[in-house]
Amino acid sequence: MEWVLAEALLSQSRDPRVLLGALCRGEASAERVETLRFLLQRLEDEAARGGDAGALPEAAREVAAGYLVPLLRGLRGRPAAPARAEGAGAALRSCARLAGGPQLAAALAEEALRDLLAVWPASSLEGAVEVLAAVGPCLRPCEDGPLLQRVAEAALAVALGGHGDGDEAPPRTGRRGRGFCRGRLLPALGQCGGAALRAVWGGLVAPGMPSGPGRVGPKLLVLSALAEKLLPEPGTDGDPGAREAGPDARCCGRFWRTVQAGLGRAEDALTRKRARYLLQRAVEVSAELGADCACACAPQEGNGPSLFWWSDKKKDELLKFWENYILIMETLEGNQIHVIKPVLPKLNSLFECAVSEGNGCWLFHPSWHMCIYKRMFESENKILTKEGVIHFLELYETKVLPFSPELSEVRTFIIGPLMDALSESSLYSRSPGQLIGSGSPLGLKLQKFLVTFISLLPEEIKSSFLLRFIQKMTSRHWCAIPILFLSKALASVPRCKALGIEGLLALRDVLQCTMITHQILLRGAAQCYLLQTAMNLVDVEKVSLSDISTFLMSLRQEESLGRGTSLWTELCDWLRVNEGCFRRLSTCSSTGLSETASLNAYVRNLVQEYVKSPAWERENCFMPDWFEARLVAMMVLLAVDVEGMKIQYSEKRRTQNVLRIFLDPLLDALMKFGTNAYMPLLKTDRCLQLLLKLLHTCLLKGSSTQDDEVCTLLQNFVMSTTQSISEFILRRLTMNELSSVSDLDRCHLYLMVLTELINLHVKVGWKRGNPIWRVISPLKNASIRHLQEMDSGQEPTLGRQVQRVVSMAALAMVCEAIDQKPELQLDSLDAGPTERFLSSLQLNQTLQKPHTEDDFIFCFSFFEESSSSQGWGKIVAQYIHDQWVCLSFLLKKYLTLIPPSEGEVLEPVLPAVQMPIRTLQSALEALTVLPSDQVLPVFQCMKILVPKLLTSSESLCVESFDMAWKIISSLSNTQLIFWSNLKAFVQFVFDTKVLTIAAKIKGQAYFKIKEIMYKIIEMSALKTGVFNTLISYCCQSWIVSPSNVSQESLSSAKNYSELVLEACIFGTVFRRDQSTKREDHYVRICAVKFLCLLDGSNMSHKLFMEDLAIKLLDKDEVVSKSRTRYYVNSQQHRVKNRIWQTLLVLFPRFDQNFLNRIIDKIFQAGFINNQASIKYFIEWIIILILHKFPQFLPKFWDCFSYGEENLKTSICTFLSVLSHLDIITQNIPEKKLILKQALIIVLQWCFNHNFSIRLYALVALKKIWNMCKTMHVEEFDALASVIESSLNQVENMHGAGNAKKNWQRIQEHFFFATFHPLKDYCLETIFYILPRLSGLVEDEWIAIGKFTSFTDIPLDAGFQWYLSSTQLCELEPGDWAQQDRGFNSGEADDQSEWTDVQKKIIPWKNNVPDLDLELAFQDRAAKLGKSISRLIVVASLIDKPTNLGGLCRTCEVFGALVLVVGSLHCVKDKQFQHLSVSAEQWLPLVEVKPPQLIDYLQQKKAEGYTIIGVEQTAKSLDLTQYCFPEKSLLLLGNEREGIPANLIQQLDVCVEIPQQGIIRSLNVHVSGALLIWEYTRQQLLKHGDTES
């Protein structure tokens, strides 16, 4: 057609200048440019045949310089620019050839190169690139070699510029230019060969070339474009002249590193596709050439295998290896685990091929395998990531892989991508079916892998690898779960001397990383494992005791290294074994100690240096840091325990001597406290800090004073210094010696020491007249005196205000001590001066901030990061807190004096006690002033006041409830203060007296308490453990003793039975990745144990249980109506399951009268479509009811008389009950009538059309008939033949179908074969065995051990009924109805390698990848190797986006020319995109609106297309008989109306799809797909016949 048009133009004028000039005038449309192109090509063909050139060269030069070059420069992203640019480039190339010499091409190239270098990177490059791409092939390889090289270097710089490794992001205007360089210019230059090709290749593989992730994509684009030039052509080896000698990419290591980076690290699929293409192309070329080749190894890679090698002798093995490799990489692109999993066994075969069986060496470089794992780790599908991680970890467990010292690929991979993948917490989740509490499968595999891998490493490599591994753990913010399992794996590594001081510091950094998580248990476990790692891996000869002690200080002793724990013992043993091996330092350490290898000498020096006050340190107002005190205390106790290990079998007195030697400096200093008034303040602070830390560390986890000799000795030593210390503290607290802000910290220290001394004396036996006794009274009196003096109106200087705070704090400490230890009671119960003073305190008084003293300003500017006012606010808050501590003590002491209202006391002796309304108002005010960590004593006061005032001042009490709840709800459950505040709040609001009074008056308080109750339950869904606190306190307060529950408290509890109801059904559904430790079970356990303690003979208990049972049945009805169908293990399923579990627990307390009220609801529940576990509970409780009260049997028989619709899904429940008729009739002397009735009913259902119903009926029939035969009932002889033949028929069923299998399974099912409704009635069956056997998720299994370990509620007298005594607990779960599904589910997975796997088609013609996404659809598709047909599909009449999306995908897959739609806006629809899966990006879409269809069809008819309608008409042809022309247009009709009559007239033919069914028509997308495939099939057959 183009040739004909060119001839027609030339016939009008033989002067090319005229023709060319005419075409160059006017708008440069795509049609005009295309016409110019084929005219120039026609002239070029004529010149090549020897025609007279004439003025043609000059005309070609004019067209090139005057029209085409400006046109290319001016396009810059205009509409249709790609098509015009391509046409203009081809025309320019023809002009260069027609110009009569190479000068034009060289000149244009020089000019374009200058333009390219001038505008990059600030502007657009398309014009210069298009010119260079057009004239580049016209340049001469030899003469224009330098120019070609410069062009190639510039193009390469542009193509690879601005993508990472420090380069800034390029301007958006340059992106298209870079794409042109990569997709057009470089391939064009590659065809030139010679200098240009060498320049491009050299730039791509240059040693200094940046190789970051952003560079990989552009590099691979260029490499794939030049693949034909960079890889040898098959058949040229024997003919050197057949191809100019060029680089062989197969022999270049950097080429293969780029390919590997694309395979494993590239983020976009296109880059990975190019990498696979280059690999596959290299393999194909090597196989066709048949010559041996090998890639040269880099010097740092040693003598390991080449990155790529080929040997013709091993051609088959190599082809198989690379075929499997490429298949795996292509399959991983799908991200679908069901497609990928069958391919994974091929990865095993890769490793088998990669390792030589003879010498155990790597045949293929292991980096290829790492690329596969990197790709899996980078997947968006976390299941695939997990599969990849587990597969890699299992390698060293299942295969013997060689270690090559020269290869660091695997080690680098482990430290990098593997650890990055391991940072994902969801990977450690339990596998389906795995029990709660069992270890993470991935965690266990990680542990085994690390142990195995490290054991293979030589010592010199092991140290560096472990150090890098640990340092990697500090390089990011790890979550708690990954850091735990990594630490556990490290702790499992066998002992070796691998880490020095640098490794110990890295472990310390990891410890600090663990502190960021709020999950204390996980944090503590990780610390334990990291300490074990240090003990296993640290080379003690490279670290000193000082280094070890500093490392140990990174551990939190209360979370991990508690004295008395197994880890503490393990550490002591490690120190004992290695005591003489630690590194010595010749110089003094940072602590001023002379390092020594002996632990005892080190600790002795440590204590001496600690107690000794540094001469160079001047006195200052600040307290020393606690770090040194903690360190010294821990090392002292470690050394003593180490010494205790040495002398286990010798005299015990030595421990006392060692401890005495260590503590002598400290004890000497403490003894001088009372007499040496000039002892440095810093020294006294340090000594008291060490004393406290020694006592706290010694008494941590696992310690018992009676059994612990060290603890007893330490306490004796401390008690010997009590008098000196107490006198010193009394002087400091009462003699105005504390006068600065920093002295408040000292006050806190002194009071803590005093409290510890009181505890020690009370523990050994309190004696009047002891040193503490002599201090408490003067301290109390002096504090009161100071406070009274401060109220006299003196100027509030800093010293006076600080002393005021100190006095109040001391008074609060005394009150707390007396409150907790009645032995310290100093006065009688009569109100004395102390009580009168406390009762008259001005509550919530704000201390005026001093402004005049420089000391205040200095201290705060240096000591406080925040402003001084904020710091003073904390001091005032502490002062108010201490006031309320004193008041709480006073209210508890004089509880009986608190009146129910203030009017009853005319002249109060104790105002705070005898005027409770004013005190409660002050408490509300205090809650608004105090921070949340200081409100505890206010809550305690409210707990005392509210029960007294609830009747007379209800609104004030409700206000206190509200205010307190706001504080609690604002706290986070990760804050340490949350739990203590919540407990105090619950004790205050849900106090038994408060609940009783509120229920009695039924006022605002009652409804407010109910509101708060539901808010707490709601909060517990987010803050685990909140509901535990509430239900545990309430149940305990309602119980007096295990055998006696208070009747009064239970009568009030009835008003709050919703609380017990919610507790019985409590529990949130968590996702599997939220597998943290939860205590939700304990809420239900608490409620169930409480119910077990109730006595059915006690009227209040009986009423409470009956009310609860009715509410449970109502709740079940509500849940059933909320969703008629629900999934197994859904929230609805679990709630209903818990309801019926609770009803079973309550059942023994029900009498006949109560059951009369609820029996209909229980039977009605049997008619509901329930999950299996609920059916079993309902059936069980019905059996128990009928067994205990046979008088309900008539109601039970009535259940079989409901309509067919009601019984369709529920009859199996009642038939299951009948299968236990022997239990039901156990207490009935006359059984014949019941058996007769049962037989009549069951026989009816044995002939039901539903197979499941027949099975249940046959099971019941078999059981009932066995009873009849045992009793020899003659009345049933007439039925014997029928029943026996029915049972024999089902027993002797022939064949191996599902019917026979199901009959066998239902008989073996636990509910019919093993379960005994009476003998199995126990808590273990209800809460553990039955949920386990019925398929409930393991979150719902409550082991009986949890009931016994929960000690807040005591066991009842009949505890033995908790445990199962039958064989039911030994059964494995397996529901007969579910076993057919997945019967062979595991068979396929057991195959070592699948014989066939899914493989998605990758449409590469000769595997040539796509080069430029900027090209037009057809060009892009052609370069992809996509075959384009001449079929047009018109879908303008289709409305639904789903149908259009599916058609788009079908058209793209089968290579349609174009899809016509009614509106192009449809491609933005999410439903369209979901169905099309990006097909619209690879298929041309044309918009033709329905009114324009007639014109469009007529136009296509004129172009030679046959218009085919997909419609059933009177003249339509059968699809199987119709032969499609090559140029076919398919018109598809509307979903509802088909093709309109006016369009049918435009059709050449109608084709219909033959049908065999009843439905009138197919879906329009399905119809279109069938015709598109039939067209494609016919065209493929035609082309096949033509080629053959």
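Take the stretch 1491-1523 and flag every residue that is over 55 Å from the mean Cα position of the chain (by Cα), within 26 Å of residue 1440 (Cβ to Cβ) and among the hydrophobic types (A, V, I, L, M, F, W, C).
1494, 1497, 1507
Any residue at all in the stretch 1483-1490 that's over 49 Å from the mean Cα position of the chain (by Cα), part of a strand (DSSP E or B), more than 23 Å from residue 1453 (Cα to Cα) and at pLDDT 90 or above?
no
Of the residues 731, 630, which single one is at pLDDT 80 or above and surrounded by fewer than 17 Cβ atoms within 10 Å (Cβ to Cβ)?
Values: 630 fails: surrounded by fewer than 17 Cβ atoms within 10 Å (Cβ to Cβ).
Criteria check complete, one pass: 731.
Name the residue, out of 5, 23, 9, 19, that is over 30 Å from residue 196 (Cα atoms), open to solvent by 70 Å² or more (accessible area, probe 1.4 Å) and at pLDDT below 75. Explain how you work it out, then say what you get.
Numbers: 23 fails: open to solvent by 70 Å² or more (accessible area, probe 1.4 Å); 9 fails: open to solvent by 70 Å² or more (accessible area, probe 1.4 Å); 19 fails: open to solvent by 70 Å² or more (accessible area, probe 1.4 Å).
5 is the lone residue from the list that is over 30 Å from residue 196 (Cα atoms), open to solvent by 70 Å² or more (accessible area, probe 1.4 Å) and at pLDDT below 75.
Could you check the stretch 948-957 and list, in sequence order, the residues that are surrounded by fewer than 21 Cβ atoms within 10 Å (Cβ to Cβ) and either part of a helix (DSSP H, G or I) or of a type in the set (Lys, Arg) (or both)? Reasoning before the result, please.
Keep residues of the stretch 948-957 that are surrounded by fewer than 21 Cβ atoms within 10 Å (Cβ to Cβ), which gives 951-952, 954-956.
Passing the criteria: 954, 955, 956.
Restricting to the stretch 1296-1310, and then to whatever is in contact with a Phe, Trp or Tyr (Cβ under 6 Å, 6 or more places away or on another chain) and open to solvent by less than 20 Å² (accessible area, probe 1.4 Å), can you tell me which residue is nearest to residue 1176 (Cα to Cα)? Before you say what the answer is, go through the steps one by one.
The first filter runs over the stretch 1296-1310 and keeps only residues in contact with a Phe, Trp or Tyr (Cβ under 6 Å, 6 or more places away or on another chain), leaving 1305-1306, 1309.
Filter again for open to solvent by less than 20 Å² (accessible area, probe 1.4 Å), leaving 1306, 1309.
Working: 1306: 14, 1309: 12 Å.
In this case the residue turns out to be 1309.
Within the stretch 257-277, how many residues are under 30 Å from the mean Cα position of the chain (by Cα), buried (at least 24 other Cβ atoms within 10 Å of the Cβ) and farther than 19 Å from residue 380 by Cβ?
0
Taking the options 492, 408, name whichever one is within 24 Å of residue 375 (Cα to Cα), among the polar types (S, T, N, Q) and more than 18 Å from the chain's Cα centre (by Cα).
That would be 408, the only listed residue that is within 24 Å of residue 375 (Cα to Cα), among the polar types (S, T, N, Q) and more than 18 Å from the chain's Cα centre (by Cα).
Taking the stretch 982-1004, which residues are farther than 17 Å from residue 944 by Cβ and part of a helix (DSSP H, G or I)? Write out each step before concluding.
Within the stretch 982-1004, the first condition is being farther than 17 Å from residue 944 by Cβ, and the residues that meet it are 982, 999-1004.
Listed by number, the residues that qualify are 982, 999, 1000, 1001, 1004.
For residues in the stretch 595-624 being surrounded by 15 or more Cβ atoms within 10 Å (Cβ to Cβ) and modelled with pLDDT under 65, which is farthest from residue 747 (Cα to Cα)?
Among residues in the stretch 595-624 that are surrounded by 15 or more Cβ atoms within 10 Å (Cβ to Cβ) and modelled with pLDDT under 65, the one farthest from residue 747 (Cα to Cα) is 597.
Within 25 Å of residue 1156 (Cβ to Cβ), at pLDDT 85 or above and open to solvent by less than 10 Å² (accessible area, probe 1.4 Å), is that true of residue 1180? Working first, answer last.
Values: within 25 Å of residue 1156 (Cβ to Cβ): yes; at pLDDT 85 or above: yes; open to solvent by less than 10 Å² (accessible area, probe 1.4 Å): yes.
Here the answer is yes, as residue 1180 does meet what is asked.
How about the stretch 446-461: which of its residues are open to solvent by 20 Å² or more (accessible area, probe 1.4 Å) and either part of a helix (DSSP H, G or I) or without any contact (Cβ under 8 Å) to a residue 12 or more places away in the chain (or both)?
If the condition is that a residue be open to solvent by 20 Å² or more (accessible area, probe 1.4 Å) and either part of a helix (DSSP H, G or I) or without any contact (Cβ under 8 Å) to a residue 12 or more places away in the chain (or both), then 447, 448, 451, 452, 455, 456, 459, 460, 461 are the ones that fit.
Name every residue in the stretch 916-933 that is farther than 12 Å from residue 959 by Cα and not polar (S, T, N, Q), in order of residue number.
Passing the criteria: 916, 917, 918, 926, 929, 930, 931, 933.
Just one of 726, 777 is open to solvent by less than 20 Å² (accessible area, probe 1.4 Å), part of a helix (DSSP H, G or I) and not aromatic (Phe, Trp, Tyr); which is it? Full working, then the answer.
Details: 777 fails: open to solvent by less than 20 Å² (accessible area, probe 1.4 Å).
Result of the check over 726, 777: 726.
Quick check on this structure: which one of 1121, 1175, 1111 is basic (Lys, Arg) and surrounded by fewer than 15 Cβ atoms within 10 Å (Cβ to Cβ)? Even if it seems obvious, please write down each step before you answer.
Details: 1175 fails: surrounded by fewer than 15 Cβ atoms within 10 Å (Cβ to Cβ); 1111 fails: surrounded by fewer than 15 Cβ atoms within 10 Å (Cβ to Cβ).
One residue alone meets the criteria, 1121.
Pairs needed: first member in the stretch 1512-1541, on the phi < 0 side of the Ramachandran plot and touching a residue at least 60 places away in the same chain (Cβ under 8 Å); second member anywhere, hydroxyl-bearing (Ser, Thr, Tyr) and assigned to a loop (DSSP other than H, G, I, E, B); C-beta distance under 9 Å; at least 6 residues apart or different chains.
So the pair list comes out as 1526/1429; 1527/1505; 1528/1429; 1528/1505; 1529/1505; 1531/1436; 1532/1436; 1539/1513.
For the stretch 506-537, give me each residue that is among the β-branched types (Val, Ile, Thr) and open to solvent by 10 Å² or more (accessible area, probe 1.4 Å). Explain how you work it out, then say what you get.
Step one: list which residues in the stretch 506-537 are among the β-branched types (Val, Ile, Thr), which gives 510, 514, 516-517, 520, 533.
Once the filter is applied, which keeps residues that are among the β-branched types (Val, Ile, Thr) and open to solvent by 10 Å² or more (accessible area, probe 1.4 Å), the stretch 506-537 yields 516, 517, 520.
For the stretch 95-137, how many residues meet the condition of being more than 23 Å from residue 197 (Cα to Cα) and at pLDDT 80 or above?
Residues meeting the conditions: 1.
Could you list, ordered by first residue, the pairs with Cβ atoms under 7 Å in which the first is in the stretch 217-232 and more than 25 Å from residue 291 (Cβ to Cβ) and of a type in the set (Lys, Arg) and the second is surrounded by 22 or more Cβ atoms within 10 Å (Cβ to Cβ) and at pLDDT 80 or above, at least 6 apart or interchain?
219/258
Search the stretch 1543-1563 for residues that are closer than 11 Å to residue 1497 by Cβ and pair each with any residue that is outside any loop (DSSP other than H, G, I, E, B) and open to solvent by 80 Å² or more (accessible area, probe 1.4 Å) when their beta-carbon atoms are under 9 Å apart and the residues are at least 6 apart or on different chains.
1546/1498
Which of the residues that make up the stretch 1250-1283 are within 24 Å of residue 1214 (Cβ to Cβ), surrounded by 12 or more Cβ atoms within 10 Å (Cβ to Cβ) and free of Cβ contacts under 8 Å to residues at least 24 places away in the same chain?
Correct list: 1254, 1266, 1269.
One residue is enough: does the stretch 702-719 have a residue meeting the conditions among the small types (Gly, Ala, Ser), modelled with pLDDT of 85 or more and either part of a helix (DSSP H, G or I) or farther than 28 Å from residue 678 by Cβ (or both)? Break it down stepwise before answering.
We begin by selecting, within the stretch 702-719, every residue among the small types (Gly, Ala, Ser); these are 702-704.
Of the ones still in play, those that are also modelled with pLDDT of 85 or more are none.
So far as the stretch 702-719 goes, no, none of its residues is among the small types (Gly, Ala, Ser), modelled with pLDDT of 85 or more and either part of a helix (DSSP H, G or I) or farther than 28 Å from residue 678 by Cβ (or both).
Filter the stretch 975-986 down to the residues that are open to solvent by 70 Å² or more (accessible area, probe 1.4 Å) and modelled with pLDDT under 90 and list them by number. It would help to see each step written out before you state the result.
From the stretch 975-986, those open to solvent by 70 Å² or more (accessible area, probe 1.4 Å) are 975-976, 979, 983; that's our starting set.
Selection gives 975, 976, 979.
Could you tell me whether the stretch 225-232 includes any residue that is over 16 Å from residue 160 (Cβ atoms), part of a helix (DSSP H, G or I) and at pLDDT below 80?
No, the conditions are met nowhere in the stretch 225-232.
Where residues in the stretch 1185-1224 are modelled with pLDDT under 90 and not in a helix (DSSP H, G or I), which of them is surrounded by the most Cβ atoms within 10 Å (Cβ to Cβ)?
1202
What is the one condition in (1) more than 21 Å from residue 520 (Cα to Cα); (2) touching a residue at least 40 places away in the same chain (Cβ under 8 Å); (3) open to solvent by 40 Å² or more (accessible area, probe 1.4 Å) that residue 966 does not satisfy?
With (1) more than 21 Å from residue 520 (Cα to Cα); (2) touching a residue at least 40 places away in the same chain (Cβ under 8 Å); (3) open to solvent by 40 Å² or more (accessible area, probe 1.4 Å) applied to residue 966, the lone miss is (2).
Could you tell me whether any residue of the stretch 517-530 is in contact with an Asp or Glu (Cβ under 8 Å, 6 or more places away or on another chain), over 25 Å from residue 641 (Cα atoms) and modelled with pLDDT under 90?
Our first condition is that a residue be in contact with an Asp or Glu (Cβ under 8 Å, 6 or more places away or on another chain); within the stretch 517-530, this holds for 520, 523-524, 527.
Applying the additional criterion that residues be over 25 Å from residue 641 (Cα atoms) yields 520, 523.
Imposing the further condition that a residue be modelled with pLDDT under 90 reduces the set to 520, 523.
Checking the stretch 517-530: at least one residue is in contact with an Asp or Glu (Cβ under 8 Å, 6 or more places away or on another chain), over 25 Å from residue 641 (Cα atoms) and modelled with pLDDT under 90.
The values are calculated or read from the model by the stated rules, or taken from the named source; none is laboratory data. Quick caveat: nothing in here was measured; it's all calculated off a predicted structure. Quick reminder, even Gly has a Cβ in these numbers, built from the backbone with ideal geometry, and neighbours come from all protein chains shown. These accessible areas exclude ligands, DNA and RNA; they are computed on the full protein's heavy atoms, side chains included. Shrake-Rupley method; radii C 1.70, N 1.55, O 1.52, S 1.80 Å.
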